Structure formats: structure tokens, C-alpha cells
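To keep things clear, I will list the structure first and then write my remarks on it.
The values are calculated or read from the model by the stated rules, or taken from the named source; none is laboratory data. Because the structure is a prediction, the values reported are computed rather than measured. Cβ: placed from backbone, ideal geometry, glycine included. Neighbour counts: every protein chain shown. For accessibility, only protein heavy atoms count, side chains too; no ligands or nucleic acids. Shrake-Rupley method; radii C 1.70, N 1.55, O 1.52, S 1.80 Å.
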Amino acid sequence: MLRRLLLLAMLFGAAVAVEKVVTITGEESFKQVMKDFPSVVVEFYAPWCGHCKKLAPEFEKAAGMLRTMGENIVLAKCDATDDKNKDLAKKFGVKGYPTLKVFKGHDHETALDYNGPREAGGIVDYVLNLFGPPSGRLDTKRDVEKFLTASTKAIGVFSDENSSDFKAFEAAADLLREEVKCGHSFDASNVELCEGGKCEKSKIFVKVEEDEEGIKEYEGEMRTEDIRKWAVKAVAPKLVELGSSPRHTKALKTIFGSDLPRLFGFVDADSKNLKEIRAALIEANNDENLNVIFVDPKTNPKALSYFSIEKDAVPSVVLHRQSDGKKFISSITGGKDVKKFLEQYEAGEIDPFIKSEEIPENNDGAVKVVVGKSFDDVVVGSGKNVMIEFYAPWCGHCKKLEPIYEEVGEHFKDDPTVIIAKMDNTANDIPDSRFQVKGFPTLKFFTAQGEVKDYPGKRTKEALIEFIDKEKIIMEVDVDYKPPGEDDEDHDAESASGYLDEDEDEEYGEGDEVYMEEDEEDEYLDEDDEPAAKDEKDEL
């Protein structure tokens, strides 16, 4: 019996050892993980979530890398849709999938938001900075040189580790983990920045990666909060860049949570006019009514695709207006063109760009397919009552709704007063600002009298039919009307006139827009370059 128990224990231990990402199931399991490990990142996910599936192999790889490095940092996962875990998800404010939370010091009550990258290398770098010492000790001249080589850094020079100045800096560095990486030295002779007697007293420098002004020096009192405030301002980017750098990620979250128009400047990093275009974008960023974002299309192809900009059209600028979702696009050659574009936009001289698929040649199904070019004809100008679903091809809830929605279409197929329609909102823009979409699927009802109503009910055949029958307005209609693309010999499709990610509506997220790939948390970001969050998230 004892032998059998020992064998089972060995097998169980082996199973645990193999699991790189720890699985949490229930409150007791969660508390045990927190008790066993001082540094934990938990991913709350849903099995059907597309973004979670994308993250899974990267999360697993990152966990293996951390284990190989001998770091006592654990990555864990928790199925938030499991009844045993729903209270945990609610406790920690999980509103979308995937949501990552950070737990420090065996504390199972306090969770911090994970705001780092979603690819393995980025995850490892982020958590090492998050859980490691707030400031790295630099003992040699080589250490200092290597530390200051790339990216934005803060370095402090002090007499010794027991000085009050160093303690204040270290405390500030702990608060600055997501703003800037910090280092320190107790030997001024190792720090080239100290030449000329600059470090006879404690000194703090900030090196900003892309700032031509170079090194910034702290001149204030050595108090934690004063140091923190100065450093935040010192490292704030003059021009926010689309990508996963912690400095820019935080700024992007602020921008994506704002209703101000967004001006995107698409310029290759090796462009001969890069310097002057960046300068023009920085100048435009002085406008308090505009958010400006620099995009290197080579590292952010998703953003280029989102705005339907061809590679040979770069450099380009895009103004994305949040009030109605309209986009204004223009190719540029130099910095002066940025100013000219903004002047023309303000004067109303630039027409908005409408992204659209081609009108389908065959559109005689029970559910009519709507594209950007045909929206006015099929929906607004049909004179009928139109129920329209705005969906995303990868959306789990949309896939669940599809067969039900088809049945609703069949039910109303012979009703001349009703059209059941759908639009892929990732491939088509909505040319009417009355239709606001913030998640998938979104159902809107457009009455025959031109009123837009949100569908508030359950996504069942019976509930949808009941709603439509109640809200439809019977007016004299053209029984011969056919939506663009429906079989009609006399219909010229070419002459017909004429932006998100599974169970519950998938929202843009707080900085999760659809320039980004994962979590489509921000629509414009590429798969490995997104600020966490928004991820465009799959909302609960």
C-alpha cells in the first residue's frame, strides 16, 4: 500500500513538473498557488476565445523560459467560464478575455493589471522587470555602458546603498517599473555622465531613446514622490509610437480611452524624410484636441491593412475621428504635407474614406450581405425595417448566433416589410454615424421611418422574431425591391452606391482598439505589438 502511494506521489509530482503554466481551479487552488509562489501572473481565459488561443503558446513558452532561467516566477491560467472560477473572475474585475493579473508577495487579495507584451520574449522581459529589484546594480563601467545602450533608462549615482538618497531613488524606481527601467551605481568613476564633477553629490539621469536633447538631469530634492513625478515627465514620449514599449503602451492606453480624433503618421523607419515628418507630427501633437501616433508600417502591418493603405502609398497620414468613426487618408512626401492635410481637413476639403468589400454578385439568401458600398441602399435607403448584425469572422459569439440568425432570416424571407442583414465590420466601414458598434456581435434595428434602435434582448430565434414583429413599421413598400447583389438582370452592382474581437459582446477594450492584432486591443497594432489590454477584448 505504501509503495503504491509513493508511486502515485511520484507520478503526480512528475505531472506537476511537466506543467509549465500552472492551472488554477477554484478558490482553494488559487490560494495554494499564491501561498507557494511569491510572484504570479494569472491569465483569466475562456476556452472559445480566439485571442486566448493565440496567447496560449506564447504564455507556455514564456513559462518554460522563466523556469529554465531559474526564476521563481509562475505563470498560471484560470478558465473564467468554469463555475468553480467565476467568483475569482468577478473578484478581480475580469471583464474580457484574456485578462492577465499580477500577484506579488503571496498576496491573494490584491491584483495588479498586466500591461506588458503578449509574445514570449516580451512577457519574460516584462515580468522580470516587474518582480525583480526595482533598480539594477551597475558595478563596472561596462555594466553602465551596456545598461545605457538601448531604450529609455534612468540611472542614479550615489555614495552607498545605505544613503537616504539611494533609498528614495529605489522607492521611486519601484513605482516607475512600467515607465522606465532603472539602474544605479555607487562608483561615479564608472559613469561617464559624471565627468566634470557632476556626481560629487547624488545624481539621477534619464536617457530618452529617441530624444535628440539626449540626457536629462534631475535637479530636485531626493524625495521619492518628487523623483517619480520628474521621471514620468522626463520619459514621456514627445510622439507616441504604435508598439509594445512600456512607455508607449501606457500612452497608447490613454489615447485609446479618449474620444479625441487620432492622427496616424505612417513612415518607414528608413525613410529619407523621417526626421522632418516626425517633427511635423510632434508639432501637430501640440494641439490639445488631437492625439498623434507614429507608425512604422514594417513593424505594424496590421495597422496598414486596417486603413487599407498600400505599401507604396507610404508615407501617409490618417485622421481617425472617434465621434463617428470616419477616416480621412492622404499620401504625403514631407513634413509640410502634414500641416497641409490638417488644414484641408479642418476646411472640410477631404472626403472620408469608406472601407468596403465588393458587393456580392449573389445576394438572394435569407440573410442579406451588406458591405460598405451597399450600406445606404440595403439599410438606410430600402424603405424597409432592417435588422442588421455587425460581426467579426473570428468572434465566437457571432459563430454561435449565425445558425439562429439564419432561421430568423428564413422566418421573414417572404415579409416584404422586413430585411434581415449582416455586415463583416472588420472588412467594411459603416458610412452612417447613427450606427455605433463597440463590440461583436452588435444587433441594430433600423425602422422603415429611419429610426435606429439597439436590440436589447436574448440572442434566440424567438426573442429576435418577437422584437422585430413588435418594432417593425408597416408602410407602403416596393415589393420588387432587391438589395444590391441579389439576382436581378437589370441591377448593375458596380453602380450601387454606397472596425473588433467571443461569449458576450467583444469590446474594443480600454486601449484594446482594432488597430492591434491580439485582443485586437487596439485595432491598429500588429500581433506582437499590442498594449495589453483591449486587448480588444472578448467581453464576458
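Descriptive notes on the structure:
- A residue that is more than 16 Å from Val338 (Cα to Cα) and not acidic (Asp, Glu) cannot be found anywhere in the stretch 276-285.
- Filtered residues of the stretch 315-337 (kept if among the β-branched types (Val, Ile, Thr) and either open to solvent by 30 Å² or more (accessible area, probe 1.4 Å) or over 19 Å from Ile282 (Cβ atoms) (or both)): Ile329, Thr333
- Val386 falls short on exactly one of the conditions (1) in a strand (DSSP E or B); (2) open to solvent by 10 Å² or more (accessible area, probe 1.4 Å); (3) touching a helix residue (DSSP H, G or I) at 6+ places or on another chain (Cβ under 8 Å), and that condition is (2).
- Filter result (farther than 20 Å from Leu112 by Cα and assigned to a loop (DSSP other than H, G, I, E, B)) within the stretch 166-206: Phe186, Asp187, Val191, Glu195, Gly196, Gly197, Lys198, Cys199, Glu200, Lys201, Ser202
- Taking residues in the stretch 361-378 that are closer than 19 Å to Tyr405 by Cβ and part of a strand (DSSP E or B), and partners anywhere that are open to solvent by 10 Å² or more (accessible area, probe 1.4 Å) and of a type outside the set (A, V, I, L, M), the pairs with Cβ atoms closer than 7 Å and at least 6 places apart or on different chains are Val369/Pro360; Val369/Lys422.
- Test for Arg67: is it over 30 Å from Glu161 (Cβ atoms), open to solvent by less than 10 Å² (accessible area, probe 1.4 Å) and not in a strand (DSSP E or B): no
- Checking the stretch 203-215 against the condition returns no match, with no residue being under 22 Å from the mean Cα position of the chain (by Cα), at pLDDT 90 or above and open to solvent by less than 60 Å² (accessible area, probe 1.4 Å).
- Scanning the stretch 258-304 for residues that are within 17 Å of the chain's Cα centre (by Cα) and of a type in the set (Ser, Thr, Tyr) yields Ser258, Thr299.
- Pairs with Cβ under 7 Å, 6+ apart, first in the stretch 110-122 and basic (Lys, Arg), second open to solvent by 10 Å² or more (accessible area, probe 1.4 Å) and at pLDDT 90 or above: Arg118/Glu58
- Restricting attention to the stretch 123-147, the residues that are in a loop (DSSP other than H, G, I, E, B) and open to solvent by less than 70 Å² (accessible area, probe 1.4 Å) total 4.
- Answer from Lys53, Lys84 - the residue that is modelled with pLDDT of 95 or more and surrounded by fewer than 18 Cβ atoms within 10 Å (Cβ to Cβ): Lys84
- Only a single item in (1) in a helix (DSSP H, G or I); (2) surrounded by fewer than 20 Cβ atoms within 10 Å (Cβ to Cβ); (3) of a type outside the set (S, T, N, Q) is not met by Lys238, and it is number (1).
- Residues that are among the acidic types (Asp, Glu) and under 18 Å from Phe445 (Cβ atoms) were ranked within the stretch 396-409; the one that is most open to solvent (accessible area, probe 1.4 Å) is Glu407.
- Scanning the stretch 255-310 for residues that are assigned to a loop (DSSP other than H, G, I, E, B), within 18 Å of Tyr345 (Cβ to Cβ), aliphatic (A, V, I, L, M) and touching a helix residue (DSSP H, G or I) at 6+ places or on another chain (Cβ under 9 Å) gives Leu290, Ile309.
- One residue alone among Ala173, Ala150, Ala120 is of a type in the set (Gly, Ala, Ser), within 28 Å of Ala62 (Cβ to Cβ) and loosely packed, with under 15 Cβ neighbours inside 10 Å, and that residue is Ala150.
- Filter pass, Ile155 being in a strand (DSSP E or B) and either modelled with pLDDT under 95 or open to solvent by less than 40 Å² (accessible area, probe 1.4 Å) (or both): yes
- Evaluated against (1) open to solvent by less than 30 Å² (accessible area, probe 1.4 Å); (2) out of contact with any strand residue (DSSP E or B) (no Cβ under 7 Å at 6 or more places or on another chain); (3) small (Gly, Ala, Ser); (4) assigned to a helix (DSSP H, G or I), Gly243 falls short on exactly one condition, (4).
- Boolean, Lys340 is at pLDDT 95 or above, open to solvent by 40 Å² or more (accessible area, probe 1.4 Å) and more than 22 Å from the chain's Cα centre (by Cα): yes
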